Amino acid sequence: MIIMILGAISIETISSVLSSWVWSPALVVLCLCSALYFSIRTRFVQVRRLGEMVRLLFSTDKTQKTGISSFQAFAIALSGRVGTGNIVGVATAIGYGGPGAIVWMWIIAFLGAGSAFVEATLAQIYKENHNGQFRGGPSYYIERGLRCKWLAVVFAVCSLIACGLLLPQVQSNGIAIAFANSMHVPPIYIGLVVALVLGLVIIGGVKRIAKVAEIVAPFMAVIYVILAIIILIINYTAIPSVLMDMIKSAIGTHELFGGIIGSTIAWGVKRGIYSNEAGQGTGPIVASAAKVSHPVKQGLVQAFSVYVDTLLVCSATAVMIMAVKTYNVMDANTGEVLFTSAYNLGAPDVSYTSTAIGTLLGMNLGNLVVAVALTFFAFTTIMAYYYYAETSIVYLFGKGKKEHTVVWILRICILIAVVFGSLKEARAAWNAGDIGVGTMAWINIVAIALLSPKAFRTLKDYEKQEKEGKDPVFDPEKLGIENAEFWEEKSRRGKEEKMRKVKE
């Protein structure tokens, strides 16, 4: 008995304490301030170039045989961004932060698009060709841009642990709970099925992951948003009061939720970053895989994926829940219940969303719809997590003979994590995920803040070439950017080709 109690304390208490340490107010402030800084320095590129973001989704550099298309990179990144955070995470944000937490999710998404632009641009600048695939991300730009090898290794290890072990558990946990609620299927069976299908996909590598992601992720996102719009139309009379509750709660003037304004901001930022991954450091890993003629092109594409994730999919969940009031709000510190819905719901989980959809389709069908949507969202997210973790292994072991062996160990570990996560309590799974996300965010945000002048310089170069009527091409030497070896070699070959044509 004593051993069981100590075991429970060690899992629940330690994970909760570590999560609170990682997600201290300092990280919340750092995320907001850095995102604001990037937005101002780029002159709010996420707004100015919105139309071009959409156009560049279908643009790719056909001269590069290595890599994946811009749309495939967008789809994989969207797969990573659109997961349980969009369904369960939104419910958690509302349940512990009140309706105003969604406003802060929007704010961090709008500003975070600037962070996503900077980190994706840096990832493209410092990417490398490894065995016929582009690899890059925080570890690469920390080592080559900051010339800080030890910190690059630390990020790679954190990313490997978070994406390979911790975060997949959150996704599989959400799937298991959804199917347990809708069809009363034992979680272990769900975990095993998800692990089996995931194994078949990840064995095929990034090409197979990209093919699955570019079909599944956009399709499910569109269907889910349409369903939310229908529910909002049916409950259109509730829109004014919903918006008023959100605004008042966000600024701390709501009569019920004014006392938890700190939690409102913290949960909005935390769940916003967990959902859209802006600044977390995972987005730039897949951004580096795209074949483009200039780093800014992929920076703009990745900024757009943040909008799709939070402003569309997360908002869809939020409006469904709040329009029909299928949520409770409680003080996360004291446990005091501040607001209780008429649907007898407990702590924040997937039931908030399924009950909202159930008001339209019936509770049984509502549970099933959410279970299916969550399965597709979470599954594609786990695929993306695997790719992020695999890239960390390539960084750590890619120049030796151990890479292939360690990749297979990773595959086995992530499948075990998926099964294990389906059996855990939801709160323990989310604590583990928050620790992983927060640790990576601490390192990455500091790194991109220090390297951001290179991204600003690259953006200026891109816009200058555009004004000259050119399709922008990146030359790092012209901008004084060192250690961008792939682009240096590409630029050299391009100059040699021009010289050869002149001589002919």
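The values are calculated or read from the model by the stated rules, or taken from the named source; none is laboratory data. Because the structure is predicted, anything quoted here is derived from the model rather than measured. Ideal geometry is used to build each Cβ from the backbone, glycine not excepted, and the neighbour counts take in all protein chains shown. Ligands, DNA and RNA are excluded from the accessible area calculation, which covers all protein heavy atoms including side chains. Shrake-Rupley method; radii C 1.70, N 1.55, O 1.52, S 1.80 Å.
Miscellaneous remarks
- The alpha carbon gyration tensor of region 306-348 gives principal lengths a ≥ b ≥ c with a/c of 1.5 or higher and a/b no greater than b/c, which makes the shape oblate.
- Solvent exposure of region 271-379 as accessible area per residue, Å², 1.4 Å probe: 25 Å²
- Global form of region 137-251, assessed from the alpha-carbon gyration tensor, a/c cut-off 1.5: oblate
- Principal-axis analysis of the Cα atoms of the chain puts helix 70-81 at an angle of about 30° to the longest axis.
- Amide hydrogen proximity for Phe339: with H placed 1.01 Å from N in the peptide plane, the residues at 5 or more positions away or on another chain lying under 5 Å are Val329.
- Among the protein heavy atoms of the chain, carbon and sulfur supply 68% of the accessible surface, probe 1.4 Å, non-protein parts ignored.
- For the listed peptides 86-95, 437-446, a ranking on the average number of other beta carbons within 10 Å per residue, highest first, reads 86-95, 437-446.
- Each peptide among 387-394, 412-419 gets the average number of other Cβ atoms lying within 10 Å of its residues, and from highest to lowest they stand as 387-394, 412-419.
- Between the listed residues Asn86, Thr310, Gly145, the Cα displaced farthest toward the positive end of the dipole of the chain, a dipole computed from Cβ unit charges relative to the Cα centre, is found at Gly145.
- Each peptide in 46-59, 317-330 receives the mean, over its residues, of other Cβ atoms within 10 Å, and ordering these scores from highest gives 317-330, 46-59.
- Signed unit charges on C-beta, dipole axis of the chain, positive-most listed residue Gly335, Leu360, Leu415: Leu415
- Computed label-point distance, nm, for sites Val54 and Val337 using a 7 Å Cα→Cβ extension: 4.5 nm
- A Cβ-based charge dipole, computed about the Cα centre of region 251-403 with Lys and Arg at +1 and Asp and Glu at -1, lands at about 640 debye.
- Computed from backbone phi with θ = phi - 60° and the Karplus coefficients 6.51, -1.76 and 1.60, the 3J(HN,Hα) list for region 447-462 is 5, 6, 5, 6, 8, 4, x, 5, 5, 5, 4, 5, 5, 4, 5, 4 Hz; x is used for glycine and proline.
- Residue by residue, region 99-107 carries 3J(HN,Hα) couplings of x, x, 4, 5, 4, 5, 5, 5, 4 Hz when phi is fed to the Karplus relation 6.51 cos²θ - 1.76 cosθ + 1.60 (θ = phi - 60°); x denotes Gly or Pro.
- Amide H contacts under 5 Å for His130: Arg135, restricted to partners 5 or more places along the chain or on a different chain, H placed in the peptide plane at 1.01 Å from N.
- Whole-number percent relative contact order across the chain, with pairs defined as alpha carbons under 8 Å at least 6 apart: 32 percent
- Whole-Hz ³J(HN,Hα) from phi, Karplus 6.51 cos²θ - 1.76 cosθ + 1.60, for region 33-49, glycine and proline x: 5, 5, 5, 5, 4, 5, 5, 5, 5, 8, 6, 6, 4, 5, 9, 4, 10
- Chymotrypsin sites (Phe, Trp or Tyr not before Pro) restricted to region 167-251 and DSSP loop, no more than 16 other C-beta within 10 Å: none
- A Cβ-based charge dipole, computed about the Cα centre of region 101-221 with Lys and Arg at +1 and Asp and Glu at -1, lands at about 300 debye.
- Cα shape, the chain, gyration tensor, a/c 1.5 rule: prolate
- Aspartates and glutamates whose Cα lies under 19 Å from that of Lys490, excluding same-chain neighbours fewer than 8 positions away: Asp61, Glu128, Asp461, Asp471, Asp475, Glu477, Glu482
- Leu450 versus Val222: modelled label distance in nm, points set 7 Å from Cα along the beta carbon direction: 4.4 nm
- Long-range HN-HN contacts of Ala290 with modeled amide H, under 5 Å: Ile68
- Computed magnitude of the charge dipole of the chain (debye, nearest 20; Cβ of K, R +1, Cβ of D, E -1): 1680 debye
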